[in-house]
Each structure stands twice: as structure tokens, then as C-alpha cells.
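These notes are about the structure you will find just below.
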Amino acid sequence: MSQIIILNGPIGCGKDTVGVAFAEREGWEFTAFKDPMFRIAATTLGMDFHEFIESYQDREWKDSPNEKLNGRTVRELMIHISETYIKPFLGSDYFGQQAADYIRRRPWQRHFIFGDGGFSPEVEALITAGHDVILVHMYRDGCTFEG
């Protein structure tokens, strides 16, 4: 059984910033449910995975119209991959199942922090896999789930 913290909150509230700082300080592994989507999006855009991850940290790049996507944003691509392809074809718990499998393949690491979670099927898949899960909902003035 691993200990898992899942950070949930609106865009811009600091989930990644807090998650990375906590992971570095405590020796936990910082990861994301959406890693499978990152790989699909990187391939779609003709980018190396690590190049995509680095670019994805830039909110302006992520939220600006992209000519390779016919003027859509990378954020819209990620939502499309999740809601139109993965969840309808592979199930609403797919990302949780993939996360549980990832953790299983890393027996030397017992502590994980996810900076992008909160959908019930993701959390439930980790609990069902026998992990100790804490869900932390983050708030920040001016940050909402609107839109």
C-alpha cells in the first residue's frame, strides 16, 4: 500500500507549485493522472514527450490558439482526448487504473502526490487498489471552476 495525496482545485490555484515543492521537500514522487494524455497530445503535436511537458508548464502556450490544432488550444486538446476518446472508449476510471498500475510498477516508491486529480472514478480506483488516499481541495482568490 502506498500513501497518496491528490491535489484538486481550479486552474491557477497552485496545485503543481505546491505539489512539486512538497514532493521535493518530503521525498515523494510528483506525478499526474493525465500522463497518458500528455503522451497522446505530444505525439499529436509532433513533439518529444519531455518537450511537451516543459511547454505545458507555460500557461500562455497551453491556453493560446495553436495553428496545428486549427486554432484550438492545447488545453482543449487535452479535454478532447479525455472526454471524447479515453473515457467513452476505456471507461471513466481509466486514469485511476493507469495510476494504480504505474504505482504497482514502482515498488521502491511508497509516496506519491498527484497534482491534477479529483474525479471520483480516479480516486476510487486507487482506493480499490488498496492505497491510502488523501484528497486535498485547494482554493485561491480569483480562481474558480467557471468555464
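The values are calculated or read from the model by the stated rules, or taken from the named source; none is laboratory data. The structure displayed is predicted, hence computed values, not measured ones. Positions of Cβ are generated from backbone atoms using ideal geometry, with glycine treated the same way; all protein chains shown enter the neighbour counts. Accessible surface areas use protein heavy atoms only, side chains included; no ligands, DNA or RNA. Shrake-Rupley method; radii C 1.70, N 1.55, O 1.52, S 1.80 Å.
Residue ranges 82-90, 111-119 sort as 111-119, 82-90 when ordered by packing (mean number of other C-beta atoms within 10 Å per residue, highest first). Between the listed residues Asn70, Phe49, Pro88, the Cα displaced farthest toward the positive end of the dipole of the chain, a dipole computed from Cβ unit charges relative to the Cα centre, is found at Pro88. Computed from Cα atoms alone, the Kirkwood hydrodynamic radius reported for the chain is 16.1 Å. Cβ-Cβ distance of His111 and Arg140, R₀ of 22 Å, FRET efficiency by 1/(1 + (r/R0)^6): the value works out to about 0.35.
Using a Förster distance of 25 angstrom, determine the FRET efficiency expected from the C-beta separation of Glu26 and His50, and round it to 0.05. Show your work: numbers first, answer last.
Numbers: r = 24 Å, r/R0 = 0.97.
Using R0 = 25 Å, I get an efficiency of 0.55.
The Ser120 and Glu67 beta-carbon pair, evaluated with R₀ = 30 Å, returns a calculated FRET efficiency of approximately 0.25. Phi angles across region 42-47 convert, under the Karplus curve 6.51 cos²θ - 1.76 cosθ + 1.60 with θ = phi - 60°, into 3J(HN,Hα) values of 4, 5, 4, 8, x, 10 Hz, Gly and Pro given as x. The Rg/Rh ratio of region 88-135, with Rg taken over Cα atoms and Rh as the Kirkwood radius over Cα pairs, comes to 0.95.
Can you tell me, using C-alpha contacts under 8 Å and at least 6 residues apart, the relative contact order of the chain as a whole percent?
49
Residues whose amide H lies under 5 Å from that of Leu135, counting only those 5 or more places away or on a different chain, are Ile6; hydrogens are built 1.01 Å from N in the peptide plane. Taking the C-alpha atoms only, the angle from helix 94-104 to the longest principal axis of the chain is near 50 degrees. Computed with a 1.4 Å probe over protein heavy atoms only, the accessible surface of region 24-147 comes to 64 Å² per residue. Within the chain, what whole-number % of the accessible surface is contributed by carbon and sulfur, with the 1.4 Å probe and all protein chains included in the calculation? Accessible surface attributable to carbon and sulfur in the chain totals 51 percent.
If you wrap a convex hull around the Cα atoms of region 53-115, how much volume per residue is inside, in Å³?
Numbers: hull volume 7.1 nm³, N = 63.
Per-residue hull volume (Cα only) is 112 Å³.
Summed over qualifying helices (DSSP H, 4 residues or more, each -39500 (n - 2.57)) and divided by its residue number, the chain shows a 222 nm mean residue ellipticity of -12000 deg cm²/dmol. Once backbone amide H atoms are built at 1.01 Å from N, Gly14 has no partners under 5 Å, excluding neighbours fewer than 5 places away on the same chain. Taking amide H as placed 1.01 Å from N in the peptide plane, Thr73 has its amide H under 5 Å from the amide H of Asn66, each at least 5 places away in sequence or on another chain.
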